[in-house]
Amino acid sequence: MIYQLDPTSTKPLHIQAEEILRKMILEDEYKDGKLLPNEVELSKQLNISRNTLRQAINKLVFEGLLVRKKGYGTTVAMQKVMSNAKKWKSFSQEMQAQGLKIKNFELHLSYRKVSGEVANFFNTKPDEQLLCLERLRGTPELPFVYFISYFNPDIPMSVEEDMTLPLYEVLEKKFGIFVKTSKELISARKADAEMADKLGIPEGSPLLVRKRFVYDINSRPVEYNVGYYRADSFTYSIEFTND
């Protein structure tokens, strides 16, 4: 598509260029890591100076929408998934709110012995085997998170559950359990060989690790969840209010 600026507009040229760049980012031709035309070509196409174009590009680089690589060019940043700490939702709800389709690349249900932290959360013995759900999830084009969940042994779930359905929908409709609270811990680590292979990234790449301690409306522990997110595909948004 050919874009042009309006020299008769009262809107500054760098703002018009910025708006055009935002439209280009959404095109299949350029999205997710594709190179934009170089600055010389694009400035000629838009009939503006390179300095004016660079001003627009710098704004989008600052916002994380574009990535400038010396000696290579300017590319569209990989689309990042957002999660908001203020309004807690399930993963499926978070993605649905952003208009993203979710695919399960892997799904495993089994019984596994738990660590001391998981045992303490559910007040069980460390060597007890609990139902474990493992899922590699993402958009149809890209897996970006690996989830491991353990469940309260008092919930009569089994390895026969249909976990292609949203998890909390299963808990509500089949077991009458309504989750209410999620306490979370966020940390960073490097991907080991196994996690790097699952997420399609080089070993040692940065991961965002998100632990969730989920409780029902009666403050009973329901789910212990750990998510390993590709750091280049996920942003965690936190809002603080000073009362």
Amide H proximity to K180 below 5 Å, modelled H, separation 5+ or other chain, gives Y215, D216, I217
The stretch 225-234 - phi-based ³J(HN,Hα) in whole Hz, Karplus 6.51/-1.76/1.60, Gly and Pro as x:
10, 10, x, 10, 9, 4, 5, 7, 10, 9
Calculate the FRET efficiency for A193 and K103 from the Cβ-Cβ distance with a Förster distance of 25 Å, rounded to the nearest 0.05.
0.60
At 7 Å along Cα-to-Cβ for each site, give me the label-to-label distance between L65 and T8 in nm.
2.7 nm
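What 222 nm value per residue comes from the helices of the chain, counting each DSSP H run with n ≥ 4 as -39,500 (n - 2.57) and dividing by all residues, nearest 500 deg cm²/dmol?
About -7500 deg cm²/dmol.
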Set K101/K198; K11/K70; K103/K173; K69/K211 screened for pairs whose C-alpha atoms are more than 25 Å apart
K11/K70; K69/K211
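Read the figures in this text as sums done on the coordinates, not as results from a lab. Source: prediction; values computed, not measured. Quick reminder, even Gly has a Cβ in these numbers, built from the backbone with ideal geometry, and neighbours come from all protein chains shown.
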